[in-house]
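K.L.:
Could you have a look at this structure, given as structure tokens, before my questions?
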Amino acid sequence: TNIKFANFYKVFNNSFLYLGLRRMKSTARSSSRTKGLVEPTVWGEFSPLAVEHDAYNLGQGFPDWPCPDFCKNAVKNAVENNFNQYCRSAGHMPLVQTLAEQYSKSLNRKIDFSNEVTVSVGATEGMFAIWQAFLNPGDEVVIFEPTFDVYKPQIESSGGKCVFVPLRPNSEGKWVFDINELRNAFSDRTRAVLLNTPHNPTGKVFTVEEIKTISDIMDEYSGIILVTDEVYEKIVFEKDHTYPASVEGMWEKTLMVSSAGKTFSTTGWKIGWVIGPSELVLQVVNVNQWIQYCVPTLLQQAVADSLKKALEPYKGHSSYYEYLRSTYQNKREKLVKGLEKANIETYLPEGGIFVIGNIGEIREFKGEVKDEYMKQSTPASKVMTHDWAFCRWMTIEKKVTAIPCSAFYEAKNKHLASSMVRFAFCKSDDTIDGAIELLLKLGVK
């Protein structure tokens with residue numbers, strides 16, 4: 001099984017070879033909305049590079065182990081029970097009912113399954129539908145960076161503009177924002193705030209106080225909504241996840257987006273959802289009936305059943321969610337300890353599946369070696385940055401792949417990530433151990 005999985009992910013990574021590198025010659029004129037969508041990406045560079053050099057890939061953020069057996073059984077049962085036809089556009093009834101029941105407890109309010117929940121093709125498509133529903137040309141969206149790179153092209157192709165507010169690590173290694181920078185990011189053109197919590201790539205879990213601060217600034221304007229990306233909601237460590245929609249005064253202006261992919265290691269199922277007040281959710285439903293019409297009924301049924309099974313005892317834990325939290329916490333500690341031993345300073349993530357490391361003390365990447373890689377230019381990094389050059393060097397010569405954090409910043413703020421790279425710990429212990437063994441040979445001390 002492990003060999004099959006390894007081969008699958010090698011093929012998966014090879015599929016990225018075309019991303020950002022291939023250009024179709026055609027006389028057809030493309031829409032102006034697609035400007036920037038064909039630009040080379042960090043994923044199109046480092047995933048193939050890892051395969052080419054047979055490196056331990058701690059870059060791509062997908063679990064490299066099978067989903068739980070109860071998920072597989074749920075799919076089998078859905079097949080055998082003939083869930084093969086269209087369902088309602090807003091979502092398969094068993095799934096929206098289950099989501100409403102479970103999130104009613106998380107959000108401390110009664111969620112109406114009939115009009116406050118809708119299903120999307122993963123969280124990514126749910127997010128896209130929101131921008132299509134709410135943005136007019138020139139509308140602005142406030143986003144904290146570093147930021148997951150899917151947000152910007154989605155917003156811009158919907159006519160919007162991103163206004164970025166940087167997060168910075170404080171003296172305690174906690175990622176924080178400057179309230180004045182946040183306030184200055186707002187204007188009469190602001191239509192939405194996008195909040196990713198737990199945050200990719202920093203692992204920050206936004207606090208109640210921070211959410212209230214965001215809410216207070218939103219209230220100084222009219223018509224601003226909060227869009228939350230909470231796909232890592234079940235992967236939190238020292239403290240529980242705070243759902244922004246559960247904070248006083250936030251429900252009426254919040255659309256929460258999440259999915260089953262990261263929670264159940266089923267990223268290929270692409271089952272996501274949007275939850276919020278009916279007047280906001282309805283706009284998403286109206287858009288999605290013309291984009292997706294409906295999401296595969298069979299997989300919606302499987303996720304509905306899996307969500308219920310996840311509450312039951314699992315492998316010595318009180319629930320699958322507790323098992324998931326414990327598993328990821330152990331992997332986080334394993335990777336963080338290994339990075340620290342290699343003299344890579346880390347910023348301990350509070351949630352999610354990534355850890356950011358500071359590579360400023362890696363002495364081996366200095367002088368002529370660094371100069372050689374800094375002179376290089378790639379389709380995705382025409383002007384080479386220190387973190388990008390380091391990740392190429394580490395992949396090619398040290399056989400460990402991480403992602404340069406400058407990929408998550410706009411141009412004017414890329415300097416904030418000059419010594420920061422992102423490692424994923426959603427990997428098997430063998431992969432993490434193998435990567436650490438090589439990192440310890442970096443010769444940093």
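K.L.:
At a 1.4 Å probe radius, carbon and sulfur cover how many percent of the accessible area of region 154-280? Mind dumping the intermediate values first?
P.N.:
On the way: 1910 of 4460 Å².
That share works out to 43 percent.
K.L.:
Using label points projected 7 Å from each Cα along Cα→Cβ, tell me how many nm separate K375 and D219, to one decimal.
P.N.:
Taking the simple label geometry, K375 and D219 are separated by 5.9 nm.
K.L.:
Just reorder D305, D54 by solvent-accessible area, largest first, 1.4 Å probe, all chains present.
P.N.:
Largest to smallest exposure gives the sequence D54, D305.
K.L.:
Another question about this same structure. Label-point separation (nm) for D69 and K239, each offset 7 Å from Cα along Cα-to-Cβ?
P.N.:
Going by the 7 Å Cα→Cβ label model, 3.8 nm.
K.L.:
Based on DSSP, what percent of beta bridges with both residues in the chain are antiparallel, to the nearest 5?
P.N.:
Given both bridge residues lie in the chain, the antiparallel proportion sits at roughly 55 percent.
K.L.:
Starting from 0.36 nm per residue, how many nanometres of slack lie between K212 and L282 once their C-alpha separation is accounted for?
P.N.:
Between K212 and L282, full extension yields 22.6 nm more.
K.L.:
Tell me whether region 214-364 comes out rounded, prolate or oblate; compute the Cα gyration tensor, take square roots of the eigenvalues as a ≥ b ≥ c, and use a/c under 1.5 as the rounded threshold. Each step should come with its number before you reach the end.
P.N.:
Working: a/c = 2.06, a/b = 1.37, b/c = 1.50.
It comes out oblate by the Cα gyration axes.
K.L.:
Then there is this: Placing unit charges on C-beta atoms (Lys and Arg positive, Asp and Glu negative, everything else neutral), compute the dipole magnitude of region 44-127 about its Cα centre in debye, rounded to 20. Can you show the working numbers first?
P.N.:
Working: 6 positive and 10 negative charges, 115 e Å.
That gives a dipole near 560 debye.
K.L.:
If you don't mind, there's one more thing I want to ask. Rounded to the nearest 10 degrees, what's the angle between the helix 2-14 long axis and the longest principal axis of the chain, both from Cα atoms, 0 to 90?
P.N.:
The helix 2-14 is inclined about 90 degrees to the chain.
K.L.:
Helix-only mean residue ellipticity at 222 nm, the chain, DSSP H runs n ≥ 4 weighted -39,500 (n - 2.57), per residue, nearest 500. What is it?
P.N.:
Numbers: 15 runs with 173 residues, N = 445.
So the helix-based figure for the chain works out to -12000 deg cm²/dmol.
K.L.:
Within a Cβ distance under 13 Å of W388, other residues only, what is the Lys/Arg minus Asp/Glu net charge?
P.N.:
Every neighbour counted, the sum reads +4.
K.L.:
Would you mind calculating the gained length between Q329 and N108 on full extension (0.36 nm times residue separation, minus the Cα-Cα distance), in nm to one decimal?
P.N.:
Gain on stretching Q329 to N108: 76.9 nm.
K.L.:
Still on this model: Using the crude model of +1 on Lys and Arg Cβ and -1 on Asp and Glu Cβ, and no other charge, please compute the dipole size for the chain relative to its Cα centre, in debye to 20.
P.N.:
Around 1160 debye, computed over the chain.
K.L.:
While we're here: For the chain, take the longest principal axis of its alpha carbons; what is the angle in degrees between that and the long axis of helix 122-134, to the nearest 10 within 0 to 90?
P.N.:
It is inclined by approximately 70 degrees.
K.L.:
In nm, to one decimal, how far is the E39 label point from the E397 one, both placed 7 Å along Cα→Cβ?
P.N.:
Distance between the two pseudo-spin positions: 2.9 nm.
K.L.:
Something else now. Under a 1.4 Å probe, what is the accessible area of the chain per residue, stated in Å²?
P.N.:
Values: 19930 Å² over 445 residues.
Ligands and nucleic acids excluded, the figure is 45 Å² per residue.
K.L.:
For helix 93-106, what angle does its Cα long axis make with the longest principal axis of the chain, in degrees from 0 to 90 and rounded to 10?
P.N.:
70
K.L.:
Another question, if that's okay. By per-residue mean of other Cβ atoms within 10 Å, what is the highest-first order of 194-205, 154-165, 101-112?
P.N.:
Numbers: 194-205: 24.8, 154-165: 19.1, 101-112: 15.3.
Ranked from most to least packed, the peptides come out as 194-205, 154-165, 101-112.
K.L.:
Any cysteines in the chain with zero other Cys Cβ atoms under 4.7 Å from their Cβ? List them, or say none.
P.N.:
So far as the 4.7 Å Cβ criterion goes, C87, C162, C294, C391, C405, C426 stand without a partner in the chain.
The values are calculated or read from the model by the stated rules, or taken from the named source; none is laboratory data. Remember, it's a predicted structure, so these values are computed and weren't measured experimentally. Quick reminder, even Gly has a Cβ in these numbers, built from the backbone with ideal geometry, and neighbours come from all protein chains shown. Accessible surface is based on the protein model in full, side chains and every heavy atom, while ligands, DNA and RNA are left aside. Shrake-Rupley method; radii C 1.70, N 1.55, O 1.52, S 1.80 Å.
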